[in-house]
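Student: Pasting a structure below so you can have a look.
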Amino acid sequence: MRLLATYSQQPGSAVANWPVMHAENQKYVLSTLLPIRIQKGDWQGANALLKTFPDNQVLDQRLALSLAQKDTQSSLRLINQISQMRGLTGQELETVSYQLIAMGQGKMATDLLLREWPFNQTGNLQRKLSNRLYTQLAAHPEWMSAESKARLAKPLPTPAQRMAQARLFQGKEDCGIVRNLLGDLSPQYDAESWSHLAQCYPWQPGLALYAAQQAASRDSSPQYQRQVGYLAFAAEDYSLAKANGIVAPQAKAAEPDDASRGFALAAQGKHQEARDALEKARQVQPDSPDILRQLAYLNERLDDKPKTKQYSERVVDDIDNTLTPQQTLSDKQQEDRFAFRRIHEDSQRRWTFSYDGSFGLTPDSLNSAGNSNGAPRGKSYRSYQQIEAEYRIGKNQIIDGDQLSVYSRVFAGSKDNNFVPVDEPMLGLGVRWKPLHDQVIYLAAEQQIPLDHHHGEADLMLRASASFFNGGKFSDDWHPTGNGWMAQNLYLDAAHFVKADYQLYTADYRMSWHQKINGRQTVEPYWHAQYNASTDSPYRDNTLGGVGVRLNTWFGESHYSAFPHKVSVGLEYQRALSGHNRDTDSQNSLFLTLGARW
């Protein structure tokens, strides 16, 4: 029977038509035919096979059928039955929980995962299963019963496990749990965990400050430095607060507490309460620059657009009021002024329109297949272009600090060595989520629809992208001081096409120098290295290096808003360094690049 199934051209038909005489062969026929009938949606045929066995046998196959039919009640009953008989293996738990979530049965999957937590017998799948459970509970905290919460609050053996546990407990009412999980002060804790712990010692400012300093020593991001500053202020270490950018406001003796409390609450991530306290403090200190600045930050974080506009304008006016005929703005004042003008501009933005294009200047030039551009998926073209419109729904939509947007884009490439990219156009309609306030990480789901019905197929693209090392002094945004600045960016992108069932990956590191030529333009020489991979058949990848130069122009600024628009024109030479199954033997490409954002 096994030989028949293995070597026949149509094993399903061959096995189905073979007379079965032995019980062992009967189970083998089931294991061979049932997946085929499930794949075809032949529920009647699948049930007919299962009816040849008693109800308490072949439970794995019955579960596979119930999951395929999205029969929630049968799936739950079979899962319980299997668990009582022998328990689910780690791989079965991973598969079943994933399928339940995909079916929209996240609560059932969470209950199943909670039952098996902390997954000590699942080997290499322990971390994956834990992350899946924690993700579900973070999105639906109401699914965590008091009993489950008590279990999840018990510290696990390793620092990595305890860090993941602590992230489940974000409310101030859970600080006792956080202190129990992280209170051993392990040096292996990351910056986020130390910062979280710092928020949970409101009555011990010295210990809170120590935890915040540990966070800042591991990550130089501004939010951790500000936390040190605010907690140093709360601990009355004003020199340390000043060193971290927080100057004690000149409060009147009658009302010192509201300002102090507001700064301390801001350091603990309690943005609404901090704003309320600082609003009270502002009634006593209406011109305190530190209170005005902190209120601008807090209202931006709370996505209160009118208040963000009001306070960022007040800060700009406050900086401008230091100007005299004999006194110009210092570099620090110019940088602060631009930063609050950028907050003002960005907080009022709803729509963003962008255009990107790359045009091969020689017949052998080829934009490599990847996901870092708008080229149709998995294909390489001489030229490509895309135009996108994005609408911001708002911040703090799913979790605190996030941003949710919807967008549409049209993109196309060039066939038959054409210069103009108008072939095989596609329409993309998607939703884009930025889950973290202080990190440039995006998750997106996009439905792609061919606009030329003779080429391309509709598909759903699931995408994750991130940008690192491109903030602060290394960003590509305009710098108000100096003759130029160094910029860098590490861009990572991964996409999965659901229907076609393959993935695209891109990693690109770029370094450049922006040389100012006037008050709104730079010439930007740059180099970059890029790796692209596509898992379709045949597997393809390539590594390339490029050097180029761009002319960047910013425009549209106002007194209170920084430049909202930018246009770039560039020339880039690329050389393919290595690759498998590349679309051309040529290693050299030359491109005209165009980009715009408004």
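Student: For the Cα atoms of the chain, what angle does the longest principal axis make with the long axis of helix 205-218, in degrees from 0 to 90, nearest 10?
Tutor: With both axes taken from Cα atoms, the answer is about 70 degrees.
Student: When a/c reaches 1.5 or more, the comparison of a/b and b/c decides; with that in mind, is the range 154-308 rounded, prolate or oblate per its Cα gyration tensor?
Tutor: Cα axes put the range 154-308 in the prolate bin.
Student: Going 7 Å from the Cα of Met486 toward and past its Cβ, which residues in the range 509-526 have a backbone nitrogen under 20 Å from where you end up?
Tutor: 509-517, 522-526, by backbone N distance to the label point.
Student: What nm value, rounded to one decimal, do you get for the distance between Leu329 and Ala146 when each label is placed 7 Å out toward the C-beta?
Tutor: 5.7
Student: How would you rank 146-156, 552-562, highest first, on the average number of other Cβ atoms within 10 Å across their residues?
Tutor: Descending packing order for the listed peptides: 552-562, 146-156.
Student: For labels at Gln348 and His496 in the simple 7 Å Cα→Cβ model, what's the distance in nm?
Tutor: About 4.2 nm, to one decimal.
Student: If you don't mind, another one. Sorted by average packing, counted as other Cβ atoms within 10 angstrom per residue and highest first, what order do 543-549, 528-534 take? Walk me through the numbers before you get to the answer.
Tutor: Working: 543-549: 16.3, 528-534: 19.9.
My ranking of the peptides, most packed first, is 528-534, 543-549.
Student: Would you list which aspartates and glutamates come within 17 Å of Lys107, measuring only between C-alpha atoms, while excluding same-chain residues fewer than 8 positions from it?
Tutor: Cross-link targets: Asp71, Glu94, Glu116, Glu142, Glu147.
Student: Moving to a separate point now. Which value in nm describes the separation of the simple spin-label points at Asp219 and Gln73, placed 7 Å from the Cα toward the beta carbon?
Tutor: Reported label-point gap for Asp219 and Gln73 is 4.7 nm.
Student: A follow-up question, please. Quick check on the chain: take the gyration tensor over C-alpha atoms, sort the square-rooted eigenvalues as a ≥ b ≥ c, and tell me if it's rounded (a/c under 1.5), prolate or oblate.
Tutor: oblate
Student: How would you classify the range 349-597 from its alpha-carbon gyration tensor, with a ≥ b ≥ c the square roots of the eigenvalues: rounded for a/c under 1.5, else prolate if a/b is greater than b/c, otherwise oblate?
Tutor: Note, shape of the range 349-597 comes out oblate.
Student: Which one of Thr122, Ser354, Ala160 has its Cα pushed farthest toward the positive end of the charge dipole of the chain, where Lys and Arg give +1 and Asp and Glu give -1 at the Cβ?
Tutor: Farthest towards the positive end: Thr122.
Student: Within straight cross-link reach of Lys307, meaning Cα distance under 14 Å, which aspartates and glutamates are found once same-chain residues fewer than 8 apart are removed?
Tutor: In chain and number order, the partners are Asp276, Glu279, Glu345, Asp346.
Student: Residues of the range 268-296 with amide nitrogen under 11 Å from the 7 Å Cα-to-Cβ point of Gln310?
Tutor: Answer for this model: 279.
Student: Moving to a separate point now. Want the number for Trp43 to Arg115: 0.36 nm per residue separation, take away the alpha-carbon distance, what's left?
Tutor: 22.9 nm
Student: Name the aspartates and glutamates eligible as straight-distance cross-link partners of Lys172: C-alpha to C-alpha under 13 Å, and not fewer than 8 places from it in the same chain.
Tutor: Within the straight-line limit of under 13 Å, Lys172 reaches these aspartates and glutamates: Glu273.
Student: Now for a separate question. Residue separation times 0.36 nm, minus the C-alpha to C-alpha distance between Gln57 and Ala596: what's the value?
Tutor: On the way: separation 539, 0.36 × 539 = 194.04 nm, distance 6.30 nm.
Net length gain for the segment: 187.7 nm.
Student: Just to confirm the number: angle between the C-alpha axis of helix 106-116 and the first principal axis of the chain, 0 to 90 degrees, nearest 10?
Tutor: The angle comes out at about 80 degrees.
Student: Follow-up question, since we're still on this one. Quote the charge dipole size of the chain about the Cα centre in Debye, to the nearest 20; the model charges only the Cβ of Lys and Arg (+1) and of Asp and Glu (-1).
Tutor: The calculated dipole for the chain is roughly 840 debye.
Student: Whole-Hz ³J(HN,Hα) for each residue in the range 129-145, computed from phi via Karplus 6.51 cos²θ - 1.76 cosθ + 1.60 with θ = phi - 60°, x for glycine and proline: what do you get?
Tutor: With coefficients 6.51, -1.76 and 1.60, one gets 5, 4, 4, 5, 5, 5, 5, 5, 6, 5, 6, 9, x, 5, 7, 8, 6 Hz.
Student: Under a 1.4 angstrom probe, counting protein chains only, how are Asp416, Asp477 ranked by accessible area, largest first? Please list the in-between numbers first.
Tutor: Details: Asp416 130, Asp477 45 Å².
The residues order as Asp416, Asp477, largest area first.
Student: Please report, in whole Å³, the volume per residue of the convex hull around the C-alpha atoms of the range 156-236.
Tutor: Details: hull volume 6.6 nm³, N = 81.
Taking only Cα atoms, the range 156-236 has a hull volume of 81 Å³ per residue.
Student: In the chain, if the dipole is taken from +1 on Lys/Arg beta carbons and -1 on Asp/Glu beta carbons about the Cα centre, which of Leu366, Thr506, Thr308 is farthest to the positive end?
Tutor: The Cα lying farthest towards the positive end belongs to Thr506.
Student: Which angle between 0 and 90 degrees, to the nearest 10, do you get for helix 72-85 versus the longest principal axis of the chain when only C-alpha atoms count?
Tutor: The answer is roughly 80 degrees.
The values are calculated or read from the model by the stated rules, or taken from the named source; none is laboratory data. Bear in mind the structure is a predicted one, so any value in this text is a computation, not a measurement. Quick reminder, even Gly has a Cβ in these numbers, built from the backbone with ideal geometry, and neighbours come from all protein chains shown. Side chains are part of the model used for accessible areas, which takes the heavy atoms of the whole protein and leaves out ligands, DNA and RNA. Shrake-Rupley method; radii C 1.70, N 1.55, O 1.52, S 1.80 Å.
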